[in-house]
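First the structure, in the form of structure tokens, and then the observations on it.
The values are calculated or read from the model by the stated rules, or taken from the named source; none is laboratory data. Here the structure is a predicted model, which means the values were calculated and not measured. When we count neighbours, we look across all protein chains shown, and the Cβ atoms used for this are built from the backbone with ideal geometry, even at glycine. Note: areas computed on protein heavy atoms with side chains; ligands, DNA, RNA excluded. Shrake-Rupley method; radii C 1.70, N 1.55, O 1.52, S 1.80 Å.
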Amino acid sequence: MSDPDNSPPAAPPEKPPATESDRPTRPATLPVDWVVFGIAAVVIFAVVGWGFFAPENFDRLSGEALSWVLSNFGWFFIVSATVFLVLAIFIAVSRYGNIRLGRGNEEPEFGNLPWIAMMFAAGMGIGLMFFGVAEPLSHYFEVPPPLELNPANPAYSEEREAGAMMYSYFHWALHPWAIYAITGLALAYSTFRKGRGNNLAEAFHPLIGGKRYEKPAGRAIDLLAIFATVFGTAASLGLGALQVSVGLDIVVGIDTNEWIELIVIGALTLAFVASAFSGVHRGVKWLSTTNVLLALFVMLFVFILGPTQFILDALPSSAGTYLQNLVGTSFKTGAFTDQDWMGTWTVFYWAWWLSWAPFVGTFIARISRGRTVRQFVVGVLLIPSMGSLTWFAVMGGTAIWMQQNGVDDFTAAMGQGEEYALFAMLQNLPAYGLVAGVCMVLIGIYFVTGADSASLVLGSLSSNGSLTPKKPLVVFWGLAIGGVAAVLLISGGLDALKQATIIVALPFVVVMLLLCVALMKELRTDPASHPLRRQLRSMGFRETIRRMVGEEVQLHAQEEHESVKWNRGKIRMGIGKKGRKPGGEE
């Protein structure tokens, strides 16, 4: 048996190299920033009070401000939205795509289906239900002036249909999700790669970090993000509640009035509170997955029982038209077309998506830990965009086919309001009551997940970027959003609220463009994006060097062990005690 005392010494365990992500993690729950929370709460409730007690004055002044913004800065919104799309594509295909949003070996926190479901529900769930039929019909009845179609052209009818679908895709596909992707990427990188807070101000650290004005500038950024989130979310939730009330009127026979709208908002807000107390892993995750399944059911129902062959022909054709004209449409301003139409549609949508960017971007960042930059950007940019294309092709395409082929005339329904369009289309299909009921449930769940997601983000923004803000704070923001939607809906101020959303988005465009600069500044210095490091990793240099170093250490240890055994033998034999020269020579 070998002597354990004479066995070679074990090599020390390998220690992985330190990286920027190997730093102390922040607590998940942080104290409330009472300055940010107090200012935001006072301003929001003051605006709500203004809209409730002086709706005419509020509507007039916000309308004048909106006209000034659209007239002077419409081009700014158009160019900025395109910048986000170009930047998102560049990052996805560049060397920065290998960077992981977390530690080097960290796995994604959520699976692919819950991740996609939560992302889609937060991004535009209620909007797709509200505008999925209404917008294609609007563009069909009033042809977008930028298309410059000639009614005398024999192909005018086909061009009219394709143009209606193309502009619906344009407003709901790549551009809005590029805005969300850049915002979410900047926040996820700052939070999970750099170990900072999950609020927008922390993502500006490369620009304001260490500066004398860092704290006040950071709070100003978070306040703008809170204002945009509250007003943008309340407008969307108000649309959802209005559509549920109309559905109850058409399907069940309950007349629509202010009390019904209040009851709908109150019931959905209580459902949100229950979801908020269960947390993102159970509440939002479960509801978002349910949303996707119900939406798939409705879409497949319309696809199978509707004009299936027309939808199969229209989807690739209209999507191809959209992609073919994407560049020209992306830079189309009001200079050579109807500026009022551009303001009503394209500029309004870009401003609306920008106002939603803090909310959706922060929430997407929160659920994207452990993914690579390329996985994140490609997933956020392409998957929801393809979902939007399919939804509009099925729902809006079916409505246009019915109108074109005399199955129904939606002129009266569109005259009543855009919230009637979905139910008017479904009336022409079998099992109308069942599917309309499912749609109302779907809108209600979208309301809950939207308020839940927005409240989590608002709680994070008002508590120093907490990943898990305190539940009473989250519930407060949810109740505030529901209250804002209710007050402005019953006071007739929903349109004014949408106008205020666009106005708030103007200063936020500048903030968002600076966010792009801050993001690129950090990505360029990230060690994981270094091309030489990536080449060495792909060629197996790290493992080769590790083995070489390990073999060298083991060989050196064996040599030392043999030398020790030889010297011990000489000492036992009485050799080498005298006359030893330096270096071991006798």
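Some points to look at:
To keep it simple, each residue is scored yes or no on (1) surrounded by 19 or more Cβ atoms within 10 Å (Cβ to Cβ); (2) of a type in the set (Val, Ile, Thr); (3) farther than 20 Å from GLU202 by Cβ.
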residue	(1), (2), (3)
TRP341	no, no, yes
TYR349	yes, no, yes
ILE364	yes, yes, no
ILE367	yes, yes, no
MET386	no, no, yes
ALA399	yes, no, yes
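- Just one of the numbered conditions (1) closer than 30 Å to LEU523 by Cα; (2) assigned to a helix (DSSP H, G or I) is not true of ASN105: (2).
Residue by residue, here is whether (1) at pLDDT below 90; (2) in contact with a helix residue (DSSP H, G or I) (Cβ under 9 Å, 6 or more places away or on another chain); (3) under 21 Å from LEU305 (Cβ atoms); (4) part of a helix (DSSP H, G or I) holds:
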{"site": "ALA399", "(1), (2), (3), (4)": "no, yes, yes, yes"}
{"site": "VAL407", "(1), (2), (3), (4)": "no, yes, yes, no"}
{"site": "GLY437", "(1), (2), (3), (4)": "no, yes, yes, yes"}
{"site": "VAL441", "(1), (2), (3), (4)": "yes, yes, yes, yes"}
{"site": "TYR446", "(1), (2), (3), (4)": "yes, yes, no, yes"}
{"site": "GLY450", "(1), (2), (3), (4)": "yes, yes, no, yes"}
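- Test: residue in region 451-472 that is closer than 30 Å to ILE226 by Cα, without any contact (Cβ under 8 Å) to a residue 24 or more places away in the chain and crowded, with 24+ Cβ neighbours inside 10 Å: yes
- Residue match in region 166-174 (condition: among the hydroxyl-bearing types (Ser, Thr, Tyr) and farther than 24 Å from PHE392 by Cα): no
- Taking the conditions (1) over 20 Å from VAL474 (Cβ atoms); (2) open to solvent by less than 10 Å² (accessible area, probe 1.4 Å); (3) modelled with pLDDT under 95; (4) not basic (Lys, Arg) in turn, LEU185 satisfies each one other than (3).
- Within region 369-384, being open to solvent by less than 10 Å² (accessible area, probe 1.4 Å) and in contact with a Leu (Cβ under 7 Å, 6 or more places away or on another chain) holds for GLY370, VAL373, PHE376, VAL377.
- Scope region 40-54; condition open to solvent by less than 80 Å² (accessible area, probe 1.4 Å) and either within 27 Å of the chain's Cα centre (by Cα) or closer than 14 Å to PHE476 by Cβ (or both); matching residues: ALA40, ALA41, VAL43, ILE44, VAL47, VAL48
- Selection from region 157-180 of residues that are open to solvent by 10 Å² or more (accessible area, probe 1.4 Å) and within 14 Å of PHE84 (Cα to Cα): LEU174
- Selection status of SER190, buried (at least 22 other Cβ atoms within 10 Å of the Cβ), within 19 Å of the chain's Cα centre (by Cα) and hydroxyl-bearing (Ser, Thr, Tyr): yes
- Those residues of region 418-435 which are among the hydrophobic types (A, V, I, L, M, F, W, C) and either at pLDDT below 90 or out of contact with any helix residue (DSSP H, G or I) (no Cβ under 7 Å at 6 or more places or on another chain) (or both), in sequence order: ALA431, LEU434
- Matching residues, region 318-359, being more than 19 Å from TYR169 (Cβ to Cβ) and β-branched (Val, Ile, Thr): THR333
Each row is one residue, and each column tells you yes or no for (1) modelled with pLDDT of 95 or more; (2) in a helix (DSSP H, G or I); (3) closer than 20 Å to VAL327 by Cα.
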| site | (1), (2), (3) |
| --- | --- |
| PHE131 | no, yes, no |
| LEU137 | yes, yes, no |
| LEU149 | no, no, yes |
| ASN153 | no, no, no |
| GLU159 | no, yes, yes |
| MET165 | yes, yes, yes |
| SER168 | yes, yes, yes |
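- Single unsatisfied condition, PHE110 versus (1) closer than 23 Å to PHE331 by Cβ; (2) under 16 Å from the mean Cα position of the chain (by Cα); (3) not in a helix (DSSP H, G or I): (1)
- Of the residues making up region 466-500, just one is closer than 14 Å to ASN198 by Cα and modelled with pLDDT under 80, namely LEU467.
- Residues of region 354-378 that are modelled with pLDDT of 90 or more, not β-branched (Val, Ile, Thr) and not in a loop (DSSP other than H, G, I, E, B): ARG374, GLN375, PHE376.
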